[in-house]
Amino acid sequence: MVFHSCYKDLGNYDYREINEVMIGEAGFVDTTYNYVSFVDTLRITPEVENSIIQDPDNYEFRWILNGKDEIGYEKDLIWPVNRPQGGYTLFFRIKDKSTGVVVTRSVGVNLITNFSNGWLVWGENENGEAQLDMLAFVNNDTLLMKDILNGSELPVLRKPTFLFLPISIGDNAIQLGSEDGTYKLDKNSLTPLEDAHLKYSFWDLSSVGNCVLQNANQMMFFRVETIDGNLYFDNDRFGGYQKIGNPSNHYKGDYELFKMGNKVGFDFSSPSSSVIVVYDDDNKCFLYQGSTSPMGGGVNGYCAPIPNIIVNDDFWTPGKDFVTAINSRNVMISNYTILKNPGSSSPSDYYLYPYKINVSFSGLEFTHRNPQQLTNAEDIDKAEFFACSSRKTVIFYTVGSRLYGYDYSTAQGKLLLDFEGKDRIMEDGQPVTEVITAMWNEQYIMGMSPFGDEFYIGLYNPAKPASSAGRLVGYRVIDNPNDIVIEEIPDNSWKGLCKIASMAYKS
């Protein structure tokens, strides 16, 4: 209902002029900004006019991407671009605090990325949140791209576990593992895929747990992953049509899953190989899974005992606890597995088991060398991260700030680097203590590797915020028959990264 009334204009009013805010067209109209994300900085200086109130404190400024992602709170925008590749709408919003009136302008922003070649680093920031950084190699420049997932649709993740970068012709999605689940990214744009959670890669979603990715490797046509403590080994998932099936850490005809070592052994020297070696940590024995055909073929969905074809001994049934497995491209030793006595308390309780998987036209063959007690491997009982030489019988392991080497052929170990002592770096004239947080030993099939006999370590400075306290350094193994010698690879040390948990080289 509307009521009308008559009144007499007495003319006795106080008129107050309302403050008007106007944003000029310059920088907005007929404009689109095209920038390289994680490289360029977007700068906009808008023309703003105020009819009455000139006090800057009277105004609230906001720069907002796609209506919800706030990137600036000053009148002039200076924004180091750090969002995924794509098209965006950028809004400039001014609120007059005295009247509550809001005025806006918008402009298009197109971002591209340089994600072709370089190191992907998966780690965490000072809040314990997972962070993805990249060292991108573009022409002769190295670009540090920070916090690539910032602004993406992924939830906040904590406790990063493993970064898997497939090298295949099938499902090429990058997998980022964390204690909060594993998510898949497009390999080219590094943006989350649709249904990015790894659980959507399983046939049976009801059988999936937290989807914590602990380890993964890619052979030519086969993929092996350890997820939630279980083994998944199958043909590569071509085009995304095939999915992850049932776990295979069980015996034929028995579907009770055994506790397995979280890393497996396999042969990098044969592209057609589809055989892996698994350690059953319940029954304390080595098993294998895969095809005995030299042309690969399919793989059985279960594990089986390794036959003692060459020597009838107890190598494959050692009765010890699993520690780790290290893969090598060494043509004589494809894998090292480290085991320990139950209740171990010293290096003398640890043992090194070297073996070789041979897949040839004469069939499948497992050969091994004698196990070796690691009495001379100082602090091996405290080791956290492992790698090995691809040409020498040497393994590497880390304890806190120290890197050790151990040569199987001589049964001798050696302290190689100490980032709390002799190998500390200097910053602002002061020595810096760094802790080793990750180790990378390249995992490419023989003939596909762009690396020589090299490995990389991730370092962390606890005195700095974790989001930028990480350092990645590469080392080369020197061919010295009488000693374990390594050297830092020139121009292969980069700082400013997050606290590194896992890394991989993207090419």
Of all alpha-carbon pairs in segment 352-396, indicate the percentage at a distance above 13 angstrom. 70
Using Cα-only point scatterers and the Debye equation, what is log10 of I(q)/I(0) for segment 21-112 at each q in 0.17 Å⁻¹, rounded to two decimals? -0.71
Per residue and in cubic angstrom, what volume does the convex hull of the Cα atoms of segment 361-484 have? 158
Semi-axes of the equivalent ellipsoid for segment 365-435, please: Cα gyration tensor eigenvalues, times 5, square-rooted, ordered largest first, whole Å. 30, 12, 10
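Which longest uninterrupted range of the chain lacks any chymotrypsin sites (Phe, Trp or Tyr not before Pro) assigned by DSSP to a loop state (not H, G, I, E or B) and surrounded by at most 13 other Cβ atoms within 10 Å?
With chymotrypsin sites (Phe, Trp or Tyr not before Pro) excluded where exposed in loops, the chain gives 362-507 as its longest stretch.
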Per-residue Cβ contact counts at 10 Å, fewest first, order E124, E49 as E49, E124
Quick one: 3J(HN,Hα) in Hz for segment 181-188, Karplus 6.51/-1.76/1.60 with θ = phi - 60°, rounded, Gly and Pro as x. x, 10, 10, 10, 10, 5, 5, 8
Distribution of pairwise C-alpha distances over the chain, 10 Å bins, in %: 3, 16, 24, 22, 14, 8, 6, 4, 2, 1, 1, 0
R0 = 51 Å: FRET efficiency of S493 with E20, Cβ-based, nearest 0.05? 0.35
Report ³J(HN,Hα) in whole Hz for each residue of segment 104-113, in order, from the Karplus equation J = 6.51 cos²θ - 1.76 cosθ + 1.60 where θ = phi - 60°; Gly and Pro get x. 9, 9, 9, 8, x, 10, 10, 10, 10, 10
How do E442, E487, E126, E225 line up, fewest other C-beta atoms within 10 Å first? E487, E126, E442, E225
For the E384, D314 Cβ pair and Förster radius 35 Å, calculated FRET efficiency rounded to 0.05 is 0.75
Most exposed first by the Cβ proxy, i.e. fewest other Cβ within 10 Å, how do V278, V399 rank? V399, V278
What's the local net charge at L157, with K and R +1, D and E -1, over the other residues with C-beta under 10 Å away? -2
Taking the Kirkwood radius as the inverse of the mean 1/r across Cα pairs, report the Rg/Rh of segment 156-199. 0.96
Evaluate 2.2 N^0.38 Å with N set to the residue count of segment 114-243, then give the Cα radius of gyration divided by it. 1.05
Tell me, what HN-Hα J-couplings in whole Hz come from the Karplus equation 6.51 cos²θ - 1.76 cosθ + 1.60 at θ = phi - 60° for each residue of segment 430-437, using x for Gly and Pro? 10, x, 10, 8, 10, 10, 7, 10
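The numbers here are math on the coordinates, done by the rules we state, and not lab data. Values in this document were obtained by computation on a predicted structure and should not be read as measured data. Note that we place each Cβ from the backbone using ideal geometry, even for glycine, and neighbour counts take in every protein chain shown.
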